[in-house]
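Chemist: One structure, as structure tokens, below. Some questions next.
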Amino acid sequence: MDWGRVKFFLGEVARGFTRNAVMQLTAIGTVAMTLLLLGAFLFIRTTLADLSNGMLQHIEISVYLKPNATPQTIAALRASFRADPRISTVEFIPKAEGLKELRARTRGVIDTSLLTENPLPDKFRIRVRSPELVPAVAGELRRLSGVDNVVYGQGVVERLLRLDMVLQRIGVAMIALFVIVATIIISNTTRLAVYARRREISIMQLVGATNLYVRMPFICEGLIDGVLGAAVAIILLVVVHATLWPRLLEALPFVQFNTAVVDVPVLVLQLFLVGGVIGTGAAWISVGRHLQT
Amino acid sequence: MISLRSVSLLYPNGVRALDHVTLEIAKGEFVFLVGHSGTGKSSVLRLLYREMRPSSGEITVDGIRVDRLPGRRVPALRRHLGVVFQDFKLLPDKTVWENVAFAMQVTGAPTKEILRQVPRALDLVGLSHRSRMYPDELSGGEQQRTAIARALVNNPKILLCDEPTGNLDPANTTEIVDLLLRINLKGTTVLVATHNQAVVDRMRRRVVRLENGKVVTDKERGYYYLGLGQGQVLSG
């Protein structure tokens, strides 16, 4: 390792970087804004995906039996459910227990002591192995003899998926916009840097420096813009997460957000990667366009 | 060492900068390229270091067909050449030492080699004692000597000089020309484009004269002007 060469190269990059400090700060700020949006978007999406996934996983099918269902019918149904490979759990809830559950669930809201007789039918509570099986299985169960009605979270699944899609579209559009803005600003910074150093560049080319060598300091500056921008974005995200997120959770107490599903090291890595790619890519394109060879 | 065969250069605006120029320069020669401004002297040099490509004709520099050289091979060509300009082209925020070292650093030379070659080049141009100074602390002659040291530090076989004394007073001019002569005596082929009559007439070297993009005379031990008798020319 020739440290003299490394030192010289890093010195050139540092000089180029500080010479154009205001422009570099603008570039870093834009990258930071872009990545802040991207980070928030990824964070919210992962959390929401987990939320809807959790809801889907917990969807139960309630199979209500006809009032006249005999113990034989119940036993036959139970056996057929157990035999179905798509069904993971089967639980029989006699009408008496159903009423007990209803009372527990509505305590203080509805006075169930007014009920003189049990209006509930017997039912099976069934879970299937994966959420997308729910509609099909529910449809089949409805046709079985002795079954009166089948209920599951119809509509919930669809609504969750639609929300997810809308959020995704808005997020992608905004991120695309910011990536374009960041690219333009970094390109422009690079263009100014090329202009400011045209003397050095012409001498480098004159004494036989390779194109790659001439370009490298500018590419490195772009990379630094991108990485520093990512660092700023990550710091801002941490601050936002520490201050705003608890308030959001407070405001939505009924929603079970599980933020533990966000893999923070991976998110940080993703933001650094995207920042680096934007910075390097924009600088590469710009230096290629503005460098006469 | 340098060969131009029927080289023409047409600018996009239709101006014919060079018109079927043919020129052979042997290894170790010292050649003046003379003529008025705009007669194509600089164009010849720029074709040699492949700043431009000719519209037609063949150019060979140290065995390399420059007119056909693809862009990615240009750096390799330029490492065989040293180029010196009228305006020195020094970096103002680097010292003399750094300016000279820069030429080696950006071509990826190892530090050990830089530490050996830079003092040698500075010694050759007589600037060892100025190595820590910045260009604006130097006289014009010293700045040009720095530029020459930078051109020579990679040990080129050919030194191309475009009006090297154009910005200098007579004393500094003499100093630079003597330096170029010494460099030539060490075996480097030197091609100097100039319109400084005094220099050309004092040195009595090969003189190639361009007019309107054409070679009009090519004389060993020539004078700046054609047709002047030796007696009519004052030397110095």
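The values are calculated or read from the model by the stated rules, or taken from the named source; none is laboratory data. Only a predicted model underlies this, so the values are computations on that prediction, with no experimental measurement involved. For neighbour counting, all protein chains shown are included, and Cβ atoms are generated from backbone atoms with ideal geometry for every residue, glycine included. To get the accessible areas, we keep the full protein, side chains included, count just its heavy atoms, and leave off ligands, DNA and RNA. Shrake-Rupley method; radii C 1.70, N 1.55, O 1.52, S 1.80 Å.
Chemist: Please work out which residue is farthest from the other protein chains (Cβ to nearest Cβ), limiting yourself to region A:201-218 and to residues that are closer than 24 Å to A:Ala21 by Cβ and surrounded by 20 or more Cβ atoms within 10 Å (Cβ to Cβ).
Modeler: In this case the residue turns out to be A:Phe218.
Chemist: Restricting to region A:18-30, count the residues that are of a type outside the set (Ser, Thr, Tyr) and surrounded by fewer than 19 Cβ atoms within 10 Å (Cβ to Cβ). First the steps, then the outcome.
Modeler: First, pick out the residues of region A:18-30 that are of a type outside the set (Ser, Thr, Tyr): A:19-25, A:27-29.
This time we only want the ones that are surrounded by fewer than 19 Cβ atoms within 10 Å (Cβ to Cβ), so: A:19, A:21-22, A:25, A:29.
Of the residues in region A:18-30, 5 are of a type outside the set (Ser, Thr, Tyr) and surrounded by fewer than 19 Cβ atoms within 10 Å (Cβ to Cβ).
Chemist: Sticking with this one: Name every residue in region B:149-197 that is assigned to a helix (DSSP H, G or I) and either of a type in the set (S, T, N, Q) or within 14 Å of chain A (Cβ to nearest Cβ) (or both), in order of residue number.
Modeler: Of all residues in region B:149-197, those assigned to a helix (DSSP H, G or I) come to B:149-152, B:170-185, B:197.
B:Ala149, B:Arg150, B:Ala151, B:Leu152, B:Asn172, B:Thr173, B:Thr174, B:Asn184, B:Gln197 - these are the residues of region B:149-197 that are assigned to a helix (DSSP H, G or I) and either of a type in the set (S, T, N, Q) or within 14 Å of chain A (Cβ to nearest Cβ) (or both).
Chemist: Let me ask you something else. Return the only residue of A:Arg247, A:Arg198 being away from chain B (no Cβ under 14 Å) and either touching a residue at least 24 places away in the same chain (Cβ under 8 Å) or open to solvent by 60 Å² or more (accessible area, probe 1.4 Å) (or both). Outline the logic, then answer.
Modeler: Details: A:Arg198 fails: away from chain B (no Cβ under 14 Å).
Going through A:Arg247, A:Arg198 in turn, just one is away from chain B (no Cβ under 14 Å) and either touching a residue at least 24 places away in the same chain (Cβ under 8 Å) or open to solvent by 60 Å² or more (accessible area, probe 1.4 Å) (or both): A:Arg247.
A quick yes/no check of all residues on (1) within 22 Å of A:Arg215 (Cβ to Cβ); (2) in contact (Cβ under 8 Å) with a residue 60 or more places away in the chain; (3) within 14 Å of chain B (Cβ to nearest Cβ):
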site	(1), (2), (3)
A:Arg15	yes, no, yes
A:Ala21	yes, no, no
A:Gln24	yes, yes, no
A:Ile28	yes, yes, no
A:Val31	yes, yes, no
A:Leu38	no, yes, no
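Chemist: For A:Arg159, state whether it is of a type outside the set (S, T, N, Q), at pLDDT 85 or above and part of a helix (DSSP H, G or I).
Modeler: Answer is no for this residue.
Chemist: Please work out which one of (1) crowded, with 16+ Cβ neighbours inside 10 Å; (2) within 23 Å of B:Leu180 (Cα to Cα) is the condition B:Ile59 fails and give its number.
Modeler: With (1) crowded, with 16+ Cβ neighbours inside 10 Å; (2) within 23 Å of B:Leu180 (Cα to Cα) applied to B:Ile59, the lone miss is (2).
Chemist: Residues in region B:126-136 that are open to solvent by less than 30 Å² (accessible area, probe 1.4 Å) and either hydroxyl-bearing (Ser, Thr, Tyr) or in a helix (DSSP H, G or I) (or both): how many?
Modeler: 2
Chemist: Right, next: Please enumerate the residues belonging to region B:142-163 that are touching an Asp or Glu at 6+ places or on another chain (Cβ under 8 Å) and open to solvent by 50 Å² or more (accessible area, probe 1.4 Å). It would help to see each step written out before you state the result.
Modeler: Going residue by residue through region B:142-163, those that are touching an Asp or Glu at 6+ places or on another chain (Cβ under 8 Å) are B:145, B:157-158.
Residue satisfying the conditions is B:Lys157 alone.
Chemist: Of all residues in region A:31-65 being open to solvent by less than 20 Å² (accessible area, probe 1.4 Å) and outside any helix (DSSP H, G or I), which is nearest to A:Ala182 (Cα to Cα)?
Modeler: Among those residues, the one meeting the criterion is A:Ile61.
Chemist: Please tell me if B:Ala76 is surrounded by fewer than 17 Cβ atoms within 10 Å (Cβ to Cβ), hydrophobic (A, V, I, L, M, F, W, C) and not in a loop (DSSP other than H, G, I, E, B).
Modeler: Working: surrounded by fewer than 17 Cβ atoms within 10 Å (Cβ to Cβ): yes; hydrophobic (A, V, I, L, M, F, W, C): yes; not in a loop (DSSP other than H, G, I, E, B): yes.
Criteria met by B:Ala76.
Chemist: If a residue has to be crowded, with 18+ Cβ neighbours inside 10 Å and at the interface with chain A (Cβ under 8 Å from one of its Cβ atoms) to count, how many in region B:110-125 make the cut? Give the derivation first.
Modeler: At the first step, the residues of region B:110-125 found to be crowded, with 18+ Cβ neighbours inside 10 Å are B:114, B:117-118, B:121-122, B:124-125.
Subset that is at the interface with chain A (Cβ under 8 Å from one of its Cβ atoms): B:114.
Result for region B:110-125: 1.
Chemist: Shifting gears a bit: Select from region B:38-75 the residues that are at the interface with chain A (Cβ under 9 Å from one of its Cβ atoms) and at pLDDT 90 or above and list them in ascending order. Talk me through it step by step, then tell me what you get.
Modeler: Residues of region B:38-75 that are at the interface with chain A (Cβ under 9 Å from one of its Cβ atoms), as a first pass: B:49, B:51, B:71-72, B:74-75.
Within region B:38-75, B:Tyr49, B:Glu51, B:Val74, B:Pro75 meet the criteria.
Chemist: If you don't mind, another one. Quick one: which of A:Leu167, A:Leu141 is closer than 30 Å to A:Leu65 by Cβ, aliphatic (A, V, I, L, M) and out of contact with any Ser or Thr (no Cβ under 9 Å at 6 or more places or on another chain)?
Modeler: Numbers: A:Leu167 fails: closer than 30 Å to A:Leu65 by Cβ.
A:Leu141 is the lone residue from the list that is closer than 30 Å to A:Leu65 by Cβ, aliphatic (A, V, I, L, M) and out of contact with any Ser or Thr (no Cβ under 9 Å at 6 or more places or on another chain).
Chemist: Does B:Ser139 satisfy the condition of being modelled with pLDDT of 90 or more, open to solvent by less than 30 Å² (accessible area, probe 1.4 Å), more than 19 Å from B:Glu51 (Cα to Cα) and more than 10 Å from chain A (Cβ to nearest Cβ)?
Modeler: Numbers: modelled with pLDDT of 90 or more: yes; open to solvent by less than 30 Å² (accessible area, probe 1.4 Å): no; more than 19 Å from B:Glu51 (Cα to Cα): yes; more than 10 Å from chain A (Cβ to nearest Cβ): yes.
Spelling it out, it is not the case that B:Ser139 is modelled with pLDDT of 90 or more, open to solvent by less than 30 Å² (accessible area, probe 1.4 Å), more than 19 Å from B:Glu51 (Cα to Cα) and more than 10 Å from chain A (Cβ to nearest Cβ).
Chemist: Turning to a different aspect of this structure: Spot the failing condition for A:Ala182; the list is (1) within 14 Å of another protein chain (Cβ to nearest Cβ); (2) surrounded by 17 or more Cβ atoms within 10 Å (Cβ to Cβ); (3) in contact (Cβ under 8 Å) with a residue 24 or more places away in the chain, and only one is missed.
Modeler: (1)
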